[in-house]
Each structure stands twice: as structure tokens, then as C-alpha cells.
Amino acid sequence: MAQKRIVFLTGTRADYGKIKPLILALENNPDFEVFVFVCGMHLSEKYGSTYNEILKDNHKNVYVAFGLSQTMNASVNLGNTICCLAGYVENIKPDMIVVHGDRMDALAGVAVGALNNIIVAHIEGGELSGTIDESIRHAISKFAHVHFVCNEEARLRLIQMGEEDSRIFVIGSPDIDVMMSKTLPTLAEVKERYQIYFDKYSILMYHPVTTEFDTIAQKSKAVVDAIIQSNENFIVIYPNNDLGSEIILNEYRRFAGKSTIAVYPSLRFECFLTLLKNSEYIIGNSSAGIRESGIYGIPAIDIGSRQSGCYSTALASNLQHVEENSDKILDAIHNTSKFRSPAFLYGDGNSTEKFKRIVCSTLFWDRSIQKHFVDIDF
């Protein structure tokens, strides 16, 4: 097989943590030349300038799109990213672009790839995100030429969307490989790095629901009220930079001066995993409360509609669901000890090997760029 050029696109701290093992696996293989295109939230100083964490990993070919302007208008950001990536791709001439999840940056990646006859691989398609993210995820899947999904349920959902079964590969979630590795930093190292002085603590990650913009202020106030009234120790991580994030951050100003609460724009993914693994519980509406918490058996409190439909409480035995009501949130906090149970719904820690084995096959590259919609039996 002739050497292949592959561009991995990353726009957030979350997607980088999931695709990093895949990047490393192919960087060490002479059959591939790997490039990392860094954009989106990574460029924001407010959210921790997380492009620096990628640069510290010393990948061979990293392009940080410093010229990209980030606005509060998602459609403007999409257009800017498409323009920047199109120029980069024209120069690199990759054989494949790899994107992850349901963010606007990934949508830009598949648009550029599909319109330039470049194979696009989508990691973690076929899942339910809730809000506008779900529409974005499914749009990405329809542009993508190959799919690396977490489980059989996701595979069947893509088939329901008309995708060809031969283009779908079940590998699990790559971040579980990192979670189950023996290379995570120790809790003492993480606490020293981020100056965390709590013995016991929980984690709050609460993101805006863009389709509920009119009620974000009211709902985020209820969340902050409950956190303060609990009198427990919390590590609070900034929300994604979606519409409404400023409203949540304004509520977070109420945490200022409270010795029980430490607020961070971002945490390195491996450090976050160590903190999660040793936490009392995670609360909010992040996918980490659906996926990663279950692997470690950490209780999770899912708040509101953002993750609606993404899980079954019958299977996710570590999870409680509540609405944005401070009394109900406090009740859930008091019941977390009943929900410390592992849930392996998204893989078993060997996603990277599965991914590498598939893309190293000559048959993988011997496929038509032209997709065909597969009708289900009516």
C-alpha cells in the first residue's frame, strides 16, 4: 500500500482526547503521514488556549489555525473554518480527513472533504446528541464515506439513515483506551498541577442547550443554586463556547471567593480522567456523565434535556436524571451513593487497535468515493 496522508481535525478539548490515541497509532506507522488541523475552541484564550496542550504532545505535523476568528455566531464560524481548511487541504492533498462527533468544526471537515473527493471518516456517528448537535452529527454522517462507531446500536441507526453496511466499522469509543491505560497521571500530580486542595470533590460540567436559549439564565441559576446549597467541594469546568455559554459563565461568577469551589476554563484530558476516576460524582449535562463516568462506575447526575435520548437508565445504572430544579438536583446529590455501578456501553478499551487494523488494510482504501442510499424494506 502506498503511503497515505491523513488529516485529523480537532476543534475542542473533548474531541482531541478521543482522537489522540488514533493519531499516535498512525504516526508511528511508516505507511501513513499524519497531519493535525487545530481550530475552534482550542484557539480561545477564554477557554484555556488548549491548542498548547496539543503542541506539547509533539505531533510531527500540527497546523494551528491562528487566523481563524471565533465569534458567537456558529454559522459564521462554520464558514470561516471551511475557508481556512479548504486552503490547508489544497496544500496538503490528503487521502483522508478524520473528524469526530457533532461539533461545527467536524461539519466543516466533512464538507471540505466530500466536496473535494477526499475520503472522510467519522468517529462516533450514529448516536443521539440532543439539541442542534444531533442534527449536526447526522449531517456529518451523511457526508462521511466511512464510519467508526461505538456500538451495534449506532451501526443500526446509520443503516436506518441509508448508509451502506460495508462502510460502517464498530470499534468502540477511543477515549476508553486512554481511560483504561496505565499511563494516566496520579491524583497527586493532577492536584499539584491545578492547585486543587480538596480531599473529596465532585465535578460540574454544564453546557448551554442552544435550542433553549430563552431559558438558559433560569436553568443555569437553578444549577448554581443547588451547587452552592449543597456545601460540597466542586471542580467546575467551563461550558462549551456555544450560544448561551456567556449566560452560564455569568452565573459562575457567584462561585467567586468560595473555598469549596474551584473553577477552570479547561483541563488536560488525561488529568480530567484522573479527577473523574477519583471523584464522588459528576453532575451537569456533559457526555462525560453518560460515557466516561460509567466506565469508572462514578455516579452521574444528568440535568435537563441536552443528553435526552442518549442513554437508558435501565442500562446506565450509575446515572440519575433530573430537570433544572434546585430542590430536585439536591435530592439527586443526596442519593448518589446508590448509583456507583460500572456501565460498559461504548467499548472495552481496544478501539485504537481495531481502528489501526482496519485502515492498514488495502481493502479499506479500495472503495468508491460515491455513496449510495440504501432503502430499508417497506
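Looking across region 229-240, just one residue is touching a Ser or Thr at 6+ places or on another chain (Cβ under 6 Å) and either at pLDDT below 90 or not in a loop (DSSP other than H, G, I, E, B) (or both), and that is PHE234.
When the test is whether a residue is modelled with pLDDT under 95 and more than 16 Å from the chain's Cα centre (by Cα), LEU128 does not pass it.
Condition check ((1) touching a Cys at 6+ places or on another chain (Cβ under 7 Å); (2) modelled with pLDDT of 95 or more; (3) closer than 19 Å to GLY347 by Cα; (4) open to solvent by 20 Å² or more (accessible area, probe 1.4 Å)) across all residues:
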position	(1), (2), (3), (4)
THR313	no, no, yes, yes
ALA316	no, no, yes, no
LEU319	no, no, yes, no
ASP331	no, yes, no, yes
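Please list, ordered by residue number, the helices (runs of 4 or more DSSP H) wholly in region 2-96 having 3 or more residues that are touching a His at 6+ places or on another chain (Cβ under 7 Å).
In region 2-96, the matching helices (runs of 4 or more DSSP H) lie at 13-27.
If only residues of region 98-118 that are open to solvent by 20 Å² or more (accessible area, probe 1.4 Å) and of a type in the set (A, V, I, L, M) are counted, the one that is farthest from ILE6 (Cα to Cα) is MET104. Among the residues of region 49-89, the one identified as open to solvent by 50 Å² or more (accessible area, probe 1.4 Å), of a type in the set (D, E, K, R) and touching a residue at least 12 places away in the same chain (Cβ under 8 Å) is LYS60.
Here is a list: ILE168, ILE235, ILE196. Which entry is open to solvent by less than 40 Å² (accessible area, probe 1.4 Å), of a type outside the set (Ser, Thr, Tyr) and under 17 Å from ARG253 (Cα atoms)?
ILE235
The number of residues in region 171-193 being open to solvent by 20 Å² or more (accessible area, probe 1.4 Å), of a type in the set (Ser, Thr, Tyr) and within 22 Å of the chain's Cα centre (by Cα) comes to 2. Does any residue in region 260-287 that is of a type in the set (Phe, Trp, Tyr) come within less than 9 Å, Cβ to Cβ, of a residue that is part of a loop (DSSP other than H, G, I, E, B) and open to solvent by 10 Å² or more (accessible area, probe 1.4 Å) six or more places away or on a different chain, and which pairs are these? Close Cβ pairs (under 9 Å, with a partner that is part of a loop (DSSP other than H, G, I, E, B) and open to solvent by 10 Å² or more (accessible area, probe 1.4 Å)) amount to TYR264/GLY48; TYR264/TYR238; PHE272/SER266; TYR281/ARG340.
The values are calculated or read from the model by the stated rules, or taken from the named source; none is laboratory data. A quick note: this is a predicted structure, and the numbers were derived from the prediction, not measured. All Cβ positions, glycine included, derive from the backbone under ideal geometry; neighbour counts span all protein chains shown. Heads up: the accessible areas ignore ligands, DNA and RNA and are worked out on the full protein's heavy atoms, side chains in. Shrake-Rupley method; radii C 1.70, N 1.55, O 1.52, S 1.80 Å.
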